[in-house]
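Trainee: Sharing a structure with you now.
The values are calculated or read from the model by the stated rules, or taken from the named source; none is laboratory data. Given the structure is predicted, the values throughout are model-derived calculations rather than measurements. Cβ placement follows ideal geometry from the backbone for every residue including glycine, while neighbour counts extend to all protein chains displayed. Remember, those area values only see protein heavy atoms, side chains included, never the ligands or the DNA or RNA. Shrake-Rupley method; radii C 1.70, N 1.55, O 1.52, S 1.80 Å.
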Amino acid sequence: IKCRDEAGNSAEESSSFSIEVDDVGPSITRVYNKQGTLYIITNEDSKCSYSLDSCSFAFDKGKLMSGEELSHTTSLLKDLVYYIQCRDGFDNPGQACLAVRAGIL
């Protein structure tokens, strides 16, 4: 960067920086049922939402699960299919939609 004022004085400096791009969404690494609560564990801080209809739902139109870091929960009802999507803090979508169904609880 070089600057010059009206009197003809000048100053010159340089600077460098690097940019790290995060364009990969979270992965679901673990899924389990504990006493009627569905737990979704992700590999990075994220938000997860679900639909009971299909995987092709808009994330912001789904029902948001509790938790905003690595662990996400919701109540799990027998015989319903939960279609789950997760997004990280940069709004990168997860690798895939996960379908979960609870049998006998």
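Trainee: Any idea of the accessible area per residue across the chain, 1.4 Å probe, to the nearest Å²?
Mentor: On a per-residue basis, 72 Å².
Trainee: About the Cα centre, and with charges only on the beta carbon of Lys, Arg (+1) and Asp, Glu (-1), how big is the dipole of the range 6-47? Nearest 20 debye, please.
Mentor: In debye, rounded to 20, the range 6-47 gives about 760.
Trainee: Given the options 27, 40, 3, identify the residue whose Cα lies farthest towards the positive end of the charge dipole of the range 1-43 (+1 on Cβ of Lys, Arg; -1 on Cβ of Asp, Glu).
Mentor: Checked the options; the winner is 40.
Trainee: Given +1 on the Cβ of Lys and Arg, -1 on the Cβ of Asp and Glu, and no further charges, what dipole in debye does the chain carry about its Cα centre, rounded to the nearest 20?
Mentor: That gives the chain a dipole magnitude of about 900 debye.
Trainee: What FRET efficiency do you get for residue 2 and residue 45 if R0 is 41 Å and r is their Cβ-Cβ distance, rounded to the nearest 0.05?
Mentor: Efficiency computed from Cβ-Cβ geometry: 0.50.
Trainee: Suppose each label sits 7 Å from its Cα in the direction of the beta carbon; what would the residue 33-residue 52 distance come out to in nanometres?
Mentor: 1.5 nm
Trainee: Further question: Taking a label point 7 Å from the Cα of residue 90 along the Cα→Cβ vector, which residues of the range 27-66 have an amide N closer than 14 Å to it?
Mentor: Counting backbone N atoms under 14 Å from the label point, the list is 27, 44-46.
Trainee: Alpha carbons only, please: Rg and Dmax for the chain, in angstrom.
Mentor: Gyration radius and largest Cα-Cα distance of the chain: 22.5, 83 Å.
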